[in-house]
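The values are calculated or read from the model by the stated rules, or taken from the named source; none is laboratory data. In this text, all values refer to a predicted model and were calculated from it rather than measured experimentally. Every residue, glycine as well, gets a Cβ built from its backbone with ideal geometry; the counts of neighbours run over all protein chains shown. Accessible surface areas use protein heavy atoms only, side chains included; no ligands, DNA or RNA. Shrake-Rupley method; radii C 1.70, N 1.55, O 1.52, S 1.80 Å.
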Amino acid sequence: MTRTEPTEIDPPANSAAATWLNFWFRPADGRPLAWVRILTGGLGLALAASFAADLERWFGPEGMIPPATVAEWSGGGTRSLFLVTTGTTGLWALFAVLVLALLAVAVGLFTRPACLVAAILWASLLNRGPMLAGPADDCLAVLLWCLVVGPAGDHWSLDRLLRDRRSLPPPAASPWARLSLGLLRVHATVITVAVVLAQLKGDTWWDGTAAWFLAARPDSQLIDLTGLYRRSEYLTNLVTHAIVAFEIGFAGGLWFDASRRHVARAGLVAWPLVGLLAGEPLWGLAMAIFCVPAAIGER
């Protein structure tokens, strides 16, 4: 059986409505989503490992963040499966299910249920210790929920291998894949706009000194650029304004056919660099994952 090529939805009289329908529901190939799934699973395992070392110290029966502290922090509205488990055994059992679900996401085994379980448990873990959550953790939550929507296991997965062994027809283009890809693009834009707005609230991003303050922060010592910045005020200003210019260009460029692939490919390199400069390398990698579908070409 031949693959069904993506087809345009017949546009209604209103062209704006046609654009809306095609953006969200025109059948799309699932290969870009498979790459997002693999990278998201790997990122999730890395972030889970960062919690594992201190899991009991933070969330155990005698942990530093008891349920009362979480309730006070969130105003009493927190919902988390990790708040239901009160013992060490239950805590580690739930965390083990999370790790197994993330591993299943990475290899594409029972992909959609695995994405759903991973998304629920990851949100539960972040709600258990909201004061510990970083930008990479939040991005992972978004990526997992986007993968729940689309057929992320149709390609390069154990699910596909099992499907082929049963001689089932290859998966066709799917409107669910388009919906998932659309959600990824929208969230990439929203996150980037939020970053730009937060930056422009501070004077250092206007006067060009923000790059210096990023490099001088103790948590930014993955790469030490303070010596270079100290010798050249122009370099400091250039890096500062280049970061903002890239982010603005990225948020806007994703929405034009002529620029989408170019800004997405630039994002594969620039976002990890921005993450390193900001002392958040995993956040930079998470933002690069959002770029993957547009960078390789959504079909």
Original post:
With respect to residue 27, is the statement that it is touching a Pro at 6+ places or on another chain (Cβ under 8 Å) and surrounded by 15 or more Cβ atoms within 10 Å (Cβ to Cβ) true?
Top reply: yes
Original post:
Could you give every pair whose Cβ atoms fall below 7 Å, whose first residue belongs to region 61-72 and is free of Cβ contacts under 8 Å to residues at least 24 places away in the same chain and surrounded by 13 or more Cβ atoms within 10 Å (Cβ to Cβ), and whose second residue is part of a helix (DSSP H, G or I) and among the acidic types (Asp, Glu), counting only separations of at least 6 or pairs across chains?
Top reply: 63/56
Original post:
Among the candidates 284, 275, which residue alone is within 21 Å of residue 137 (Cα to Cα) and modelled with pLDDT under 95?
Top reply: 275
Original post:
When the residues of region 73-100 are filtered to those that are open to solvent by 80 Å² or more (accessible area, probe 1.4 Å) and in a loop (DSSP other than H, G, I, E, B), which remaining residue is farthest from residue 41 (Cα to Cα)?
Top reply: 86
Subject >> Hits in region 276-287 (condition: in contact (Cβ under 8 Å) with a residue 60 or more places away in the chain and either touching a Pro at 6+ places or on another chain (Cβ under 9 Å) or within 17 Å of residue 43 (Cβ to Cβ) (or both)) >> reply: 278, 279, 280, 282, 283, 285, 286, 287
Original post:
So which residues in region 244-257 are modelled with pLDDT of 95 or more and part of a helix (DSSP H, G or I), if there are any at all?
Top reply: 244, 245, 246, 247, 248, 249, 250, 251, 252, 253
Original post:
Out of all the residues in region 66-80, is one or more at pLDDT 90 or above and among the aliphatic types (A, V, I, L, M)?
Top reply: no
Original post:
What number of residues in region 280-299 are assigned to a loop (DSSP other than H, G, I, E, B) and either crowded, with 18+ Cβ neighbours inside 10 Å or touching a Cys at 6+ places or on another chain (Cβ under 6 Å) (or both)?
Top reply: 2
Original post:
Restricting attention to region 6-24, does a residue exist that is over 30 Å from residue 297 (Cα atoms), surrounded by 13 or more Cβ atoms within 10 Å (Cβ to Cβ), at pLDDT below 95 and of a type in the set (A, V, I, L, M)?
Top reply: no
Subject >> For residue 139: the one exception among (1) part of a helix (DSSP H, G or I); (2) open to solvent by 40 Å² or more (accessible area, probe 1.4 Å); (3) in contact with a Leu (Cβ under 9 Å, 6 or more places away or on another chain) >> reply: (2)
Original post:
Looking at region 156-170, is at least one residue in contact with a strand residue (DSSP E or B) (Cβ under 9 Å, 6 or more places away or on another chain) and among the aliphatic types (A, V, I, L, M)?
Top reply: no
**OP:** Kindly indicate whether residue 165 is of a type outside the set (Phe, Trp, Tyr), more than 11 Å from residue 33 (Cβ to Cβ) and surrounded by 16 or more Cβ atoms within 10 Å (Cβ to Cβ).
**Re:** no
